[in-house]
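The values are calculated or read from the model by the stated rules, or taken from the named source; none is laboratory data. Quick caveat, the model's predicted, so the values are computed rather than measured. Note that each Cβ is placed from the backbone with ideal geometry, even for glycine, and that neighbours are counted across all protein chains shown.
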Amino acid sequence: MPVNLRSDTFTKPSPSMRLFMARAEVGDDVFGEDPTVRELEQKVAQLLKKEAALFVPSGHMSNQIALNIHGRPGDSIIAHRESHVLYYETGSPAVLSGLDARVIDSEDGTFGAEEVRALLKPVNIHFTRNRILSLENTFNNRGGVVWDHRRFWELCIFAREQGLKVHLDGARLWNACHAARKIPSDWTQQLDSVSVCFSKGLGAPVGSALAGTAEFIEEARHVRKRFGGQMRQAGIIAAGAIFALDNNYERIGEDHANARLIAEIVNTSPHLSCPQPPTNMALITVDNPGFDAHQLVAAAADEVQAFALHERRIRCVTHLDVTEDDCRRGAEAFVRAAARLAGEGN
Ligand SMILES: Cc1ncc(COP(=O)(O)O)c(C=O)c1O
């Protein structure tokens with residue numbers, strides 16, 4: 001079996017997680033009668049130091065519920081051009097909420113108050129209203145980049161002073177916490193809303209949560225229904241998230257170490273390079289102009305799977321279903337395949 005480094009969303013629930021899920025008490029959550037969902041929502045609200053939280057089927061829905069509440073049609077959202085909310089969520093800010101996107105193009109996905117200030121428009125009849133700032137931590141599309149905590153904090157304060165609502169897509173906030181030696185609530189205090197995912201680094205099969213004030217979450221419950229995201233005996237999957245928080249949070253540092261190991265091995269190839277991964281994503285650059293990332297992925301496919309992000313770049317994501325040994329094998333497979341493509345024998 002090839003080592004699967006395509007994404008941390010490929011993890012499968014472990015036997016003990018499945019057992020825990022099977023034993024979950026459930027009820028009809030649309031009527032507020034699922035005790036396991038309630039338990040998860042309270043746990044998440046506490047962890048993020050917010051008044052309340054809502055369990056939702058996906059990170060995509062969680063983000064878009066927040067944006068829908070924060071803005072009205074004709075308002076603007078400021079976010080990085082390749083943030084998940086703008087780039088990978090099928091135009092939802094425009095389609096579901098009528099939001100106008102003003103984009104930031106920073107190198108690593110993070111930015112400061114000056115970049116945001118440059119996008120603020122005068123308040124008059126010509127412009128969409130300055131309304132939402134959406135941040136992502138870690139930033140997926142640049143390889144799991146962690147925000148500098150101080151910069152993040154100051155940006156949030158600046159944005160709120162400007163009257164913006166600040167949302168965080170924290171699909172991998174857990175990874176950011178490990179890398180920056182922070183606890184989740186260190187990031188959330190200046191936020192109006194935060195979305196977190198259980199189905200990525202934490203290894204649960206399904207689910208995300210949105211957190212904010214009690215009033216915001218009451219509204220979010222309503223919007224979740226409008227988007228068709230209400231669930232019935234959802235405790236069975238909420239249990240997977242509870243198990244994941246209790247058992248898989250502490251070990252996330254291992255994924256980061258494995259990503260660094262991949263980079264180290266890849267850097268032994270004269271044809272490839274890989275900067276030190278900040279969290280659980282190693283971005284391999286194909287330096288040899290004689291072949292591209294798609295060819296390298298295809299050449300190594302029997303031994304390792306990863307996505308080519310574009311012509312020169314491959315993303316390898318570590319997670320709890322790949323061991324240190326798997327990561328070593330996967331990285332070595334890329335090094336060998338690169339040598340073959342470069343015509344170095346074997
Ligand atoms: C940064 C980020 N936000 C949101 C999502 C959406 O999560 P989901 O696949 O649960 O909709 C993803 C998915 O990979 C992501 O990487």
Name the residue, out of Leu272, Leu245, that is in contact with a helix residue (DSSP H, G or I) (Cβ under 7 Å, 6 or more places away or on another chain) and closer than 18 Å to Gln42 by Cβ.
Leu245
Please go through the range 264-320 and pick out each residue that is out of contact with any strand residue (DSSP E or B) (no Cβ under 7 Å at 6 or more places or on another chain) and β-branched (Val, Ile, Thr).
Ile265, Thr268, Thr279, Thr318
Filter result for the condition that a residue is in contact (Cβ under 8 Å) with a residue 24 or more places away in the chain, under 19 Å from Val196 (Cα atoms), loosely packed, with under 15 Cβ neighbours inside 10 Å and away from the ligand (no atom under 15 Å from the Cβ), over Lys43, Lys50, Lys12
Lys12
Matching entry among Ala301, Ala342, Ala293, Ala306 (being buried (at least 23 other Cβ atoms within 10 Å of the Cβ), hydrophobic (A, V, I, L, M, F, W, C) and at pLDDT 95 or above)
Ala306
Where the second residue is in a helix (DSSP H, G or I) and the first is farther than 21 Å from Asn68 by Cβ and lies in the range 91-109, which pairs have Cβ atoms under 6 Å and are six or more apart or on separate chains?
Ile104/Glu115; Asp108/Arg142; Gly109/Arg142
Here are Gly59, Gly71: which of them is modelled with pLDDT of 95 or more, in contact with a Cys (Cβ under 8 Å, 6 or more places away or on another chain) and buried (at least 21 other Cβ atoms within 10 Å of the Cβ)?
Gly59
Scanning the range 119-173 for residues that are touching a residue at least 60 places away in the same chain (Cβ under 8 Å), within 16 Å of the ligand (Cβ to nearest atom) and not in a helix (DSSP H, G or I) gives Ile132, Ser134, Thr138, Gly143, Gly144, Val145, Val146, His167, Asp169, Ala171, Arg172
With the first residue restricted to the range 195-222 and required to be within 16 Å of the ligand (Cβ to nearest atom), and the second required to be in a helix (DSSP H, G or I) and aromatic (Phe, Trp, Tyr), Cβ contacts under 6 Å at 6 or more apart or on different chains are Gly201/Trp174
Can you tell me which of Gly91, Gly109 is within 15 Å of the ligand (Cβ to nearest atom), buried (at least 23 other Cβ atoms within 10 Å of the Cβ) and at pLDDT 95 or above?
Gly109
